[in-house]
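*Asks:* One structure is given below, represented as structure tokens, and several questions about it will come after.
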Amino acid sequence: MENNQLNKETATPIKERYSLDPEIGQAMANFMAQHPSGQFPERGDWQVLRENLNQFYSNLGKQFPVNPEVVTKDFFIKASIGTEIKLRWYIPPTKVESGSAILYVHGGGRVSGSLELYDQIVSRFAYLSGVPFLSVDYHLSPELNAEQQVEEVFSALNWLKEQADDLEIDKSRIAVMGDSAGGGIAASVAILARDREVQLSHQILIYPMLDDRNLVSDEQLLPFAVWTYDNNYTGWNAALGKEYDKNNVTAVAAPSRLLQFEDLAPAFISVGDLDIFRSENIEYATRLAKAGVPTEFHLHPRAPHGFEFIAPDAKISKKAMADYIRVIQSI
């Protein structure tokens, strides 16, 4: 694909530096042909963005096989902020001997997604890894703000630890994991766990949504932006409300605001180089490593946001998934 921009000094066409992995590109084209997108959301319109994304997740779930061998059980708990949240416990047919468990936080830009829409995704993780998962149906923004969402997920972490004996897991081997907005919330939960002296084994962050200030478009990434800069504005604006784009946004609301990274749980971060979260993820991983936090970081070439879910059979997706399963099994 060639860029029509011209080099100002030579007046010759500039070739684009980035290109989409052909397997991912074909899978995306097939997906869009089967599931045409609906009304395009205007900047700031969280209602239409929610409708579009929920339909996207519903269609996405059809790509994954049902794993009836994975046993599930639902629980309802009261969070520290007084809300009731639904949890779903996934037990794989063959559990790893370590007694570990993963607390999973779904994506959706803070304004969409749900436990039900992510059911097959989380079930697949449990099935492939042999590790039980607890999925959290946190309330969305703007119904709840960013910090309240984190508090709900943190309450689920505490509940999981309290129920460790009944669930036959080791409460010292619990990790938090999430993708996109869920990855950002997972990072915030890791911050709270450190600050409130709650042991957390690991934080597994899949292209996490970390920085509310990421609003300036990178023209080279725009053609590949599955999650766009306008979407990012809409999600953060709904989650932060009146505090949006202000200097007093906390690290619990937006983890990239964090100043002190010492003593956070070991981290795994994975992102594609065509993802608008790429730079903030690289920066976050760098700051973790500089603070002495054990950090594993993967930057996947020619891969956009959500690539391994959209194109699960692509070689690069299989590699990424193998890394996820490896780190999950290492907890």
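The values are calculated or read from the model by the stated rules, or taken from the named source; none is laboratory data. All figures in this text were calculated on a predicted structure; none of them were measured in a lab. Reconstructed Cβ throughout: ideal geometry from the backbone, glycine too, with neighbour counts over all protein chains shown. These area figures cover heavy atoms from the full protein model, side chains too; ligands, DNA and RNA do not enter into them. Shrake-Rupley method; radii C 1.70, N 1.55, O 1.52, S 1.80 Å.
*Asks:* Only residues that are of a type in the set (S, T, N, Q) and either at negative phi or at pLDDT below 95 (or both): list them for the stretch 140-185, please.
*Replies:* Of everything in the stretch 140-185, those that are of a type in the set (S, T, N, Q) and either at negative phi or at pLDDT below 95 (or both) turn out to be SER141, ASN145, GLN148, GLN149, SER155, ASN158, GLN163, SER172.
*Asks:* A follow-up question, please. Within the stretch 225-235, identify whether any single residue is without any contact (Cβ under 8 Å) to a residue 60 or more places away in the chain, closer than 18 Å to ARG302 by Cα and of a type outside the set (Asp, Glu), and answer yes or no. Steps first, please.
*Replies:* Residues of the stretch 225-235 that are without any contact (Cβ under 8 Å) to a residue 60 or more places away in the chain, as a first pass: 228-229.
Going one step further and asking which of them are closer than 18 Å to ARG302 by Cα, we end up with 228.
Okay, now just the ones that are also of a type outside the set (Asp, Glu), so 228.
Yes; the residues of the stretch 225-235 include at least one that is without any contact (Cβ under 8 Å) to a residue 60 or more places away in the chain, closer than 18 Å to ARG302 by Cα and of a type outside the set (Asp, Glu).
*Asks:* Which residue, of GLU69, GLU84, is more than 23 Å from the chain's Cα centre (by Cα) and either surrounded by 14 or more Cβ atoms within 10 Å (Cβ to Cβ) or at pLDDT 90 or above (or both)?
*Replies:* Details: GLU84 fails: more than 23 Å from the chain's Cα centre (by Cα).
So the residue among GLU69, GLU84 that is more than 23 Å from the chain's Cα centre (by Cα) and either surrounded by 14 or more Cβ atoms within 10 Å (Cβ to Cβ) or at pLDDT 90 or above (or both) is GLU69.
*Asks:* Among the residues of the stretch 144-183, which ones are of a type in the set (D, E, K, R) and in a strand (DSSP E or B)?
*Replies:* Correct list: ASP179 only.
*Asks:* Also, quick follow-up: Within the stretch 249-288, restricting attention to residues that are in a loop (DSSP other than H, G, I, E, B) and among the β-branched types (Val, Ile, Thr), which residue is nearest to the chain's Cα centre (by Cα)?
*Replies:* Filtering the stretch 249-288 for residues in a loop (DSSP other than H, G, I, E, B) gives 249-254, 258-266, 273-277.
Still in the running and among the β-branched types (Val, Ile, Thr): 249-250, 252, 276.
Values: VAL249: 20, THR250: 19, VAL252: 16, ILE276: 13 Å.
Top of the filtered list is ILE276.
*Asks:* Given (1) touching a Ser or Thr at 6+ places or on another chain (Cβ under 9 Å); (2) surrounded by 14 or more Cβ atoms within 10 Å (Cβ to Cβ); (3) at pLDDT 95 or above; (4) assigned to a loop (DSSP other than H, G, I, E, B), identify the lone condition not met by SER114.
*Replies:* Among (1) touching a Ser or Thr at 6+ places or on another chain (Cβ under 9 Å); (2) surrounded by 14 or more Cβ atoms within 10 Å (Cβ to Cβ); (3) at pLDDT 95 or above; (4) assigned to a loop (DSSP other than H, G, I, E, B), SER114 violates only (1).
*Asks:* Of the residues TYR57, TYR104, which single one is within 18 Å of TYR324 (Cβ to Cβ) and crowded, with 18+ Cβ neighbours inside 10 Å? Steps first, please.
*Replies:* Working: TYR57 fails: within 18 Å of TYR324 (Cβ to Cβ).
Just one listed residue meets the conditions, TYR104.
*Asks:* Say we look at the stretch 161-214 and pick out the residues that are without any contact (Cβ under 8 Å) to a residue 60 or more places away in the chain, of a type in the set (Lys, Arg) and under 25 Å from VAL71 (Cβ atoms); which of these is least open to solvent (accessible area, probe 1.4 Å)?
*Replies:* LYS161
*Asks:* Let me ask something else. I'm told GLU308 meets every condition in (1) buried (at least 19 other Cβ atoms within 10 Å of the Cβ); (2) of a type in the set (Asp, Glu); (3) in a loop (DSSP other than H, G, I, E, B) except one. Can you identify the failing condition by its number?
*Replies:* GLU308 satisfies all of (1) buried (at least 19 other Cβ atoms within 10 Å of the Cβ); (2) of a type in the set (Asp, Glu); (3) in a loop (DSSP other than H, G, I, E, B) except (3).
*Asks:* Give the stretch 218-271 a look and list any residue that's among the acidic types (Asp, Glu) and more than 30 Å from SER172 (Cβ to Cβ), or say none.
*Replies:* Residues of the stretch 218-271 among the acidic types (Asp, Glu): 218-219, 230, 243, 245, 262-263.
Result: ASP218, GLU219, ASP230, GLU243, ASP245.
*Asks:* Considering the stretch 119-143 alone, what residues qualify as being surrounded by fewer than 20 Cβ atoms within 10 Å (Cβ to Cβ) and part of a loop (DSSP other than H, G, I, E, B)?
*Replies:* Hits for the stretch 119-143 are GLY130, HIS139, PRO142, GLU143.
*Asks:* Can you tell me which residues in the stretch 87-99 are in contact with a Ser or Thr (Cβ under 7 Å, 6 or more places away or on another chain) and either buried (at least 24 other Cβ atoms within 10 Å of the Cβ) or without any contact (Cβ under 8 Å) to a residue 12 or more places away in the chain (or both)?
*Replies:* TYR90
*Asks:* Among the residues of the stretch 33-54, which ones are under 18 Å from the mean Cα position of the chain (by Cα) and either open to solvent by 60 Å² or more (accessible area, probe 1.4 Å) or over 19 Å from LEU140 (Cβ atoms) (or both)?
*Replies:* Here is the first cut: in the stretch 33-54, the residues under 18 Å from the mean Cα position of the chain (by Cα) are 49-50, 52-54.
None - no residue of the stretch 33-54 is under 18 Å from the mean Cα position of the chain (by Cα) and either open to solvent by 60 Å² or more (accessible area, probe 1.4 Å) or over 19 Å from LEU140 (Cβ atoms) (or both), so the list stays empty.
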